[in-house]
Each structure stands twice: as structure tokens, then as C-alpha cells.
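Chemist: This structure is in C-alpha cells; I'll ask about it shortly.
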Amino acid sequence: MSKFKKKKDGGVPAVNTAALPDIVFMLLFFFMVATVMRQNTLMIENNLPFADQVEKLDKKDLVMYIYAGKPSTNYKQYGTEAKIQLNDKFADVKEIAAFIAAERASKREELIPFLTTALKVDKGANMGLISDIKQELRKVNALKINYTTKKGSVFGRD
Amino acid sequence: MAKRASPEVNAGSMADIAFLLLIFFLVTTTIETDSGINRKLPPMEESDVDVVIKQKNIFTVLLNGKDQLLVEDELMELKDLRQAAKEFLDNGGDRTCDYCSGKKDLASSDNPDKAIISLKNERETSYKTYIAVQNELVAAYNELRDARAQSLYGKSFKEMEANYNDVNWPGNKEKLKEQIDQIKLDYPQKLSEVQ
């Protein structure tokens, strides 16, 4: 007689989340493969200028980075003039030679002739500082440089 | 007895762990796509021997502290710089250049091999303007090389270089390298950054 139940037992069935780990793992693997660990924490503003005649930089182990720009908001106590950052601290122009020597010492010997110095300079910086940097690079014979830029037209953008 | 169904494995924690790893990688990594304008600085000169170059073979570009552009002692807008540089490089004043299509002005450069672009700036010049000028001068060379490669080999110079760097390109790499070197020899990039 009571073969048919009068009331439903329980509520709505649980939401199936079996696919969620799959999706998150796919995202995780993409970011593991496509990204590289951050080399330096920037203490300067680094809005790069635009250029469209650009070439891709070589592998990471063939590049030495020199950053320049005015100190960012967290480091305002260092003034408003453009400063050089080598690795993760502020540096003076005369320390560039020691920086290049240390970078060369840390590389394998056969890679040294192929090293490139990448100048990542904020677009608002003055050329005086960059001229000083270039002069120091010439003194230590680090002649291959790359003006690192964003890709885009040089006209009509600020 | 009916076969007892095994209890379902709780996968709730797996998503948490995957999310934590994902956020770690998002915060500590960056997608590095650096590109820029390659340049070779001149070595420090031990000797003081001055190379004598005729003034007509030098295309002087000067940037002052107000980011104004002075080209061959005349004020110029940035958008006109590329064309002016191309006209200078492609002039062929001494008529030894059979592939140049310029005006053959005797007051301008003799041939692309002798033509030199000299770029000077003041200390107050902004880096943004300096890079824009560098970009336009490199573009002048690249456009002339593209036209030369198109007339010789039916492809643009940029395409040839991309093929050379492509590991999957099926053609003859040695022959392609010779062709690329020939284009570079026809229009050598002589851009001098004066201190």
C-alpha cells in the first residue's frame, strides 16, 4: 500500500565539483611553464618607452639588466632624481663596472662574449644619466646593449 | 548481499591545494617578453687618430634639452625624420651605387657604404624622445633593406631574418645567411652615438 513515498527525502543534491581541480591544475601548469621567477623587485618607476623596430632579447642567461628611473612612491625618501638600480638595490654610476665584472664572473666563461646589457629605463628619465651609464659600459668593454622598450608606435602615445 | 558501493573520494581539498599553488606562481613570477633596440657601443679609443670624413657623408641629428629635433641644422618633426634619413642613405651621389634610387645630389651622401648618421643629444633630452629618434633611424635602414631584399629575392628582409631564426624553416640556411649578409652589405647600418 505504501509503495509510493509521500515525501521526498533530503534536499538538493550536492554540486559536483569534480572538474574544479582539473581546471585549476590546467591554469597552474600554464603559469608554471609560461612565466619566469621575478629577478628583481623594482624600486624605481619603469614605464618603458614605445618603439616598433624592436628585436627580441636573447635568453635570460645572456642578459644583464640595468634599471633606471626616479624612485617609486614607496622610496620617495631617496629623492626625485632618476637613479640606477642594479639587482635589488640603488647604485651609483661608478658601481656599474663592478656590477658588470660580478655578472661576468657568475656566467660560464664561453658565454661572456655574447652577453648583452639591457637598459630598462623609464621614459621620463633624462639622457644625462644614460650617457653616464653608456660611458661606464664602454670602459669595461660591455659594448652590446639593448634599449628595452615596449612594442608599439612611437607617435601619439604618452 | 549486493556489492557495496565504495565511498566517493572527497576532492574538495585538491582544488584548494591547486589554487594555492596557482596563486603562488601568479604572485612570484612574471611573463618575460623583453624586446628592444639592439645597439653596439663604440669601443674606447686608445689612439687619437681622427678619421677624416667628408661633411656631406654625415647626416647630423641633434636633440636639444627641450626634445626638439635638429636635422642637418634645420628644425624637423619626428614624423619626417624617417623619410629624410632614407633620402640621405639612398642618395648615391657618386653614382657608384647602381641600386640606389635617390636624387644623386652631389651635396648629400656618396653611397650607402660611406653614409653615416650621427646622433647627438644633450643631457636634458628625455629618454622617450631619444628612443623614438633611434627607432625612426633604425626604421629607415630597415625599410631600405626590405625594399632591397624584395627586389633581389622577392621577400622582405624582416621575413628573411624570421626564416633564418625559425628552426622549422625547410629551406637552405647557409644560402639564406649569404643573402642576409648581402643585404646588410648593401645598406650597412652606420649609426654613430656621439658622446
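Chemist: Whole-Hz Karplus ³J(HN,Hα) for region A:11-23, in order, using 6.51 cos²θ - 1.76 cosθ + 1.60 and θ = phi - 60°, x for Gly and Pro?
Modeler: Residue by residue, region A:11-23 yields x, 5, x, 4, 5, 7, 10, 5, 7, 4, x, 4, 5 Hz.
Chemist: For region B:137-149, in order, what is each residue's ³J(HN,Hα) by Karplus, 6.51 cos²θ - 1.76 cosθ + 1.60 with θ = phi - 60°, in whole Hz (x at glycine and Pro)?
Modeler: Karplus values, whole Hz, x for Gly and Pro: 5, 5, 5, 4, 4, 5, 5, 5, 5, 4, 5, 5, 5.
Chemist: Now a separate question. Heavy atoms of the protein only, probe of 1.4 Å, neighbouring chains included. What is the accessible area of B:Leu21 in Å², nearest 10?
Modeler: Its heavy atoms expose roughly 70 Å² to the probe.
Chemist: For every other residue with a beta carbon closer than 14 angstrom to the beta carbon of A:Tyr75, add +1 if it is Lys or Arg and -1 if Asp or Glu, then tell me the sum.
Modeler: The answer is 0.
Chemist: With only Lys, Arg, Asp and Glu charged, each at its Cβ (+1 for the first two, -1 for the last two), find how big the charge dipole of chain B is about the Cα centre; round to the nearest 20 debye.
Modeler: Values: 26 positive and 34 negative charges, 153 e Å.
For this selection, approximately 740 debye.
Chemist: Report the Cα centroid-to-centroid distance between region B:85-161 and region A:98-151 in angstrom, as an integer.
Modeler: Using only Cα atoms to place each centre, the spacing works out to 26 Å.
Chemist: Here's something else I'd like to know. With the full set of protein chains in place, find how many percent of the accessible area of region B:55-194 is carbon and sulfur; take the probe as 1.4 Å.
Modeler: 47
Chemist: Let me ask something additional. Net charge near A:Thr17: determine it from the other residues with C-beta under 14 Å of the C-beta of A:Thr17, scoring Lys and Arg +1 and Asp and Glu -1.
Modeler: -3
Chemist: Next question. What average count of beta carbons from other chains do you get within 10 Å of the Cβ of residues in B:7-14?
Modeler: Values: counts 0, 2, 1, 0, 7, 3, 1, 7.
That average works out to 3.
Chemist: Apply the Karplus curve 6.51 cos²θ - 1.76 cosθ + 1.60, θ = phi - 60°, to the phi angles in region B:166-172 and return the couplings in whole Hz, x for Gly and Pro.
Modeler: 8, 6, 9, 5, x, x, 7
Chemist: Pop a pseudo-label 7 angstrom from the Cα along the beta-carbon direction at both B:Lys79 and A:Lys94 and give the gap in nm to one decimal.
Modeler: Distance between label points: 4.8 nm.
Chemist: Let me ask you something else. Output the pairs from A:Lys94/A:Lys120; A:Lys139/B:Lys86; B:Lys40/B:Lys158; B:Lys104/B:Lys158 with a Cα-Cα distance over 22 Å in this structure; if there are none, say none.
Modeler: A:Lys139/B:Lys86; B:Lys104/B:Lys158
Chemist: Hey, can you find the accessible area per residue of region A:61-151 for me, probe 1.4 Å, expressed in square angstrom? Working shown, then result.
Modeler: Details: 4320 Å² over 91 residues.
I get 47 Å² per residue for this part.
Chemist: Right, something else. What residues qualify as long-range amide H neighbours of A:Lys70, i.e. H under 5 Å apart, gap of 5 or more or another chain, H built at 1.01 Å from N?
Modeler: A:Glu45, A:Lys83
Chemist: Excluding A:Lys89 itself, calculate the net charge of residues whose Cβ lies under 14 Å from the Cβ of A:Lys89, where each Lys or Arg counts +1 and each Asp or Glu counts -1. Before the final figure, lay out each step's value.
Modeler: On the way: positive: A:Lys83; negative: A:Asp88, A:Asp92, A:Glu95.
Around A:Lys89, the charge tally is -2.
Chemist: Suppose only helical runs count, i.e. DSSP H with n ≥ 4. What mean residue ellipticity at 222 nm does that imply for chain B under -39500 (n - 2.57) per run, divided by all residues and rounded to the nearest 500 deg cm²/dmol?
Modeler: -13000 deg cm²/dmol
Chemist: Before we go on, tell me the buried accessible area for the A/B pair, both chains summed, 1.4 Å probe, in Å² to the nearest 100.
Modeler: Interface area, both chains combined: 4900 Å², rounded to the nearest 100.
The values are calculated or read from the model by the stated rules, or taken from the named source; none is laboratory data. This is a predicted model, so every value here is computed, not measured. Glycine gets a Cβ as well: all are built from the backbone with ideal geometry, and neighbour counts include every protein chain shown. These accessible areas exclude ligands, DNA and RNA; they are computed on the full protein's heavy atoms, side chains included. Shrake-Rupley method; radii C 1.70, N 1.55, O 1.52, S 1.80 Å.
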